[in-house]
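Here the structure is laid out as structure tokens; the discussion comes afterwards.
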Amino acid sequence: MFTVNIISVGKLKEAYLREAVAEYSKRLGPFCKLSVTELSEQKLSDSPSQKEIENALLAEGRAILSAAQGGYIFALCIEGRQLSSEELSQKFNLIALSGKSTVSFIIGSSFGLSDEVKSSCDFKLSMSKMTFPHQLVRVMLSEQIYRAFQINSNSKYHK
């Protein structure tokens, strides 16, 4: 069975966001094993310097790379490539055909991801040209993963 990991810096604070991710996790049960790993966000001062931000990203990056072992790795970042839902479903098919059964999606903190994480991933993915709260991105990503599996199973969910 396919394994999908969502590795995210920070915790979902709002109950309605946790419930939404839990709902998609339940729906994904027949298609894959979904795991969500929440990593601690580095504490920064109220007005962090660029150096302080870089150090935080490096520390978060080490934790991310430790959690994202093996499989195909997507880094969600603004400079990434945007995919349609259909293209994501095709990407899943290609990954499976390549013999990999694990896919990891990395969501960084509000300052993004370290260059080390970005260069270590297999694909840089952008959700949109718009900016979204990182907590909401996890819900949106969960839905798109579910949609990709629905597309691949020819269901009526994706219209």
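Of all residues in the range 122-159, those satisfying the criterion of being charged (D, E, K, R) and either in contact (Cβ under 8 Å) with a residue 12 or more places away in the chain or surrounded by 12 or more Cβ atoms within 10 Å (Cβ to Cβ) (or both) are Asp122, Lys124, Lys129, Arg138, Glu143, Arg147. Within the range 76-94, is even one residue hydroxyl-bearing (Ser, Thr, Tyr), touching a residue at least 60 places away in the same chain (Cβ under 8 Å) and in contact with a Lys or Arg (Cβ under 9 Å, 6 or more places away or on another chain)? Yes, the range 76-94 has at least one match.
If you take the residues of the range 115-159 that are among the β-branched types (Val, Ile, Thr) and within 16 Å of the chain's Cα centre (by Cα), which of them is nearest to Ala67 (Cα to Cα)?
First, the residues of the range 115-159 that are among the β-branched types (Val, Ile, Thr): 117, 131, 137, 139, 145, 151.
Now narrow it down to the ones that are within 16 Å of the chain's Cα centre (by Cα): 117, 131, 137, 139, 145.
Values: Val117: 11, Thr131: 25, Val137: 19, Val139: 20, Ile145: 20 Å.
Checking each candidate, the answer is Val117.
Within the range 23-51, being farther than 14 Å from Val137 by Cα and surrounded by 15 or more Cβ atoms within 10 Å (Cβ to Cβ) holds for Ser25, Arg27, Leu28, Phe31, Cys32, Leu34, Thr37, Leu39, Glu41, Gln42, Leu44, Pro48. Screening the candidates Glu23, Glu41 for the property of being of a type outside the set (Phe, Trp, Tyr) and at pLDDT below 95 yields one hit, Glu41. In summary, Gly71 fulfils each of the numbered conditions (1) on the phi < 0 side of the Ramachandran plot; (2) at pLDDT below 95 with the single exception of condition (1).
Looking at the structure I just gave you, is Leu83 of a type in the set (A, V, I, L, M, F, W, C), at pLDDT 95 or above, surrounded by fewer than 19 Cβ atoms within 10 Å (Cβ to Cβ) and closer than 21 Å to Tyr157 by Cβ?
yes
Mind telling me which of the residues Ala63, Ala59, Ala67, Ala75 ends up being surrounded by fewer than 20 Cβ atoms within 10 Å (Cβ to Cβ) and either under 13 Å from the mean Cα position of the chain (by Cα) or over 27 Å from Arg18 (Cβ atoms) (or both)?
Ala67
Scan the range 13-37 for residues that are within 22 Å of Ala67 (Cα to Cα) and aliphatic (A, V, I, L, M) and the total you get is 5.
The values are calculated or read from the model by the stated rules, or taken from the named source; none is laboratory data. Computed from a prediction, not measured in an experiment: that's the story for all the values here. Note that each Cβ is placed from the backbone with ideal geometry, even for glycine, and that neighbours are counted across all protein chains shown.
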